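The values are calculated or read from the model by the stated rules, or taken from the named source; none is laboratory data. Everything numeric in this text was worked out from a predicted model, so none of it was measured. Here the Cβ positions follow ideal geometry from the backbone for every residue, glycine too, while neighbour counts run over all protein chains shown. When the accessible area is computed, the model is the full protein with side chains, heavy atoms only, and any ligands, DNA or RNA have been set aside. Shrake-Rupley method; radii C 1.70, N 1.55, O 1.52, S 1.80 Å.
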Amino acid sequence: MDFVRTMVAVALTVAGTAGAPAPTGPETFLATATMATTGGVTATAPVTIGVTRTTPEDEAQALVRAFVTGGEPALRQALSGLPPTGSVRIGNAAPTPARITLDRPTDKGRLLTIVTDRPILFVGGGFPEAKAKEGYGFAVLDIEVDAEGNGSGTLSAAAKVKVAQGAFVVDEYASQALRLTGVRREP
């Protein structure tokens, strides 16, 4: 069964990005991605998250409108020509460019939602009974950090993205999202 995770209602909360604390420049976060299999085996990998810019409110609203009216093809068209917002790298793999980075205030600090326009990793995709990879064309990462840049989060390394009732809904390729622990901002 697919793990379905409802993200923050981006269509409703993008307007809240204007009040988010603006970083003074590019940021780098380090984390450990952890996944436990049903057999009890745990695998970990280092993750590096680079944020070079956040998605401005008007740009985010235009991307949401494109997605709501025209689905994934319209979103991809709207993303073409926009500069990346950073990157996500698992282990020693090549970094995957981030295309959307939303930064919103929370009661604990900040919530960063980072979206790539291609999958980073198909967890479990090499097994003989693995489901088809078609349609899992994004990756979605959420990290919540405190004022010092420490926190935790999740990474859907390959995901389908839909809009349901005004919220982006992420359909995870793997049976569960990767848990990000030990998130810390590099000085």
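Quick notes on this one:
- Extension gain (nm, one decimal) between residue 36 and residue 181, 0.36 nm per residue minus Cα-Cα: 50.9 nm
- For peptides 115-125, 152-162, sequence by mean Cβ density within 10 Å, most packed first: 152-162, 115-125
- Integer Hz, Karplus 6.51/-1.76/1.60 couplings in order for segment 149-158, x for Gly and Pro: x, 9, x, 8, x, 9, 9, 8, 6, 9
- Accessible surface of the chain, 1.4 Å probe, proportion on carbon and sulfur as whole %: 57 percent
- Peptide packing for 39-46, 97-104, 72-79 was compared via the average number of neighbouring C-beta atoms within 10 Å per residue; ordered from the highest value, the list is 97-104, 72-79, 39-46.
- At q = 0.19 Å⁻¹, base-10 log of I(q)/I(0) for the chain (Debye sum, equal scatterers on each alpha carbon): -1.42
- Fully extended contour minus Cα-Cα distance, from residue 53 to residue 132, at 0.36 nm per residue: 25.1 nm
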